Amino acid sequence: MTATLADVETCVEALWPIAGAEPWDAVGLLSGDPASEVRRIHLAVDAVLDTVDEAIDARADLLIVHHPLLLRGVTTVAETRYKGAVLARLIRAGCALIAAHTNADVVTSGTSAVMAERLGLRDLHPLVPSPTNPAHGIGRVGDLTEPTTLGRLARGLSDILPATAQGIRVAGEYDRPVTRVALCAGAGDAYLALPDVLTADVYITSDLRHHPASEARENARVASGPALIDVSHWASEWLWLEVAAAQLRDALPGVEVTVSDLRTDPWDFAIV
């Protein structure tokens, strides 16, 4: 059985409702004819030239990405620019493009929930619950089934996440006890002051900038607060792709769904 792009849009809406996206986000169908046939879907975190070529080589009719290609204002789609080149390659190949971003972050099987499940956390709830559905929301907080140390938790993360040049950065003592974990897949330093973060033993997220991380660390010394673990943005969200692919396969029998294992983290190497 095959599906139309409109059928896939309906499925995507059921899995990751657009109403759950942040107001600033740009999700949903970005290019493609809703009447076109979809036999193969390829999933990736980013719509970059390499993942586009991978999708085309796989003869995919649709590329679903986490990060929206057109999130910020675009004044040209000339092929001399990255976004124009991406769209042109997809259109010429007859491959549509859909983004599921913050609408895929907030659901119970979203990016943060998947990371929390891989860490074995229990009694989960969002850091920022949705006003319409308390089970949905940004980030997750929960407890490990058995206490560990900050160092062992960080090493466990390195086994779960795909390797990147950044690796895993940690602020806190290696032997610090850890039971309660707060996390946010993707960029999460906006949530450092949330009560569920401040009362956790550790906060795992990505893209921690110098000043927010330094302030959080110093506040923890004079009051209380979590240790910090900073992981690759791409790696933290890549875990979700296999879960999303399984959901699409269940909802769209007969449609082939593949997952990119290309590393689209922007950094190639680090010197320490």
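Any read-out appearing in this document is the output of simple, stated calculations on the displayed coordinates, not a laboratory observation. Keep in mind it's a predicted model, so treat the numbers as computed, not measured. Neighbour counts are summed over all protein chains in view; Cβ atoms, including those assigned to glycine, are modelled from backbone coordinates with ideal geometry.
For region 3-103, the relative contact order works out to 37 percent when only alpha carbon pairs closer than 8 Å and six or more residues apart are counted.
Grouping the Cα pair distances of region 167-243 into 5 Å bins from zero gives a pair-distance distribution of 3, 16, 28, 26, 16, 7, 2, 1, 0 percent in increasing distance order. Only one item in (i) 26, 21, 18; (ii) 35, 26, 16; (iii) 34, 20, 17 matches semi-axes √(5λ) of the Cα gyration tensor in Å derived from the coordinates shown, and that item is (iii).
Taking other Cβ atoms within 10 Å as a rough exposure proxy, 98, 271 sort from fewest to most as 271, 98.
Taking other Cβ atoms within 10 Å as a rough exposure proxy, 153, 161 sort from fewest to most as 161, 153. Cβ crowding within 10 Å ranks 221, 263, 59 as 221, 59, 263, fewest other Cβ atoms first.
With the helix formula -39500 (n - 2.57) applied to DSSP H stretches of n ≥ 4, the chain reaches a computed 222 nm mean residue ellipticity of -10000 deg cm²/dmol. Largest first and in whole Å, the equivalent-ellipsoid semi-axes of region 3-103 read 19, 18, 11, each the square root of five times a Cα gyration tensor eigenvalue.
Amide H contacts for residue 62 (H built 1.01 Å from N in the peptide plane; partners 5 or more residues away or on another chain; cut-off under 5 Å): 40, 42, 96. Here the gap between residue 35 and residue 210, fully extended at 0.36 nm per residue and compared with their Cα-Cα distance, gives a gain of 58.2 nm. Peptide packing for 198-211, 181-194, 26-39 was compared via the average number of neighbouring C-beta atoms within 10 Å per residue; ordered from the highest value, the list is 181-194, 198-211, 26-39.
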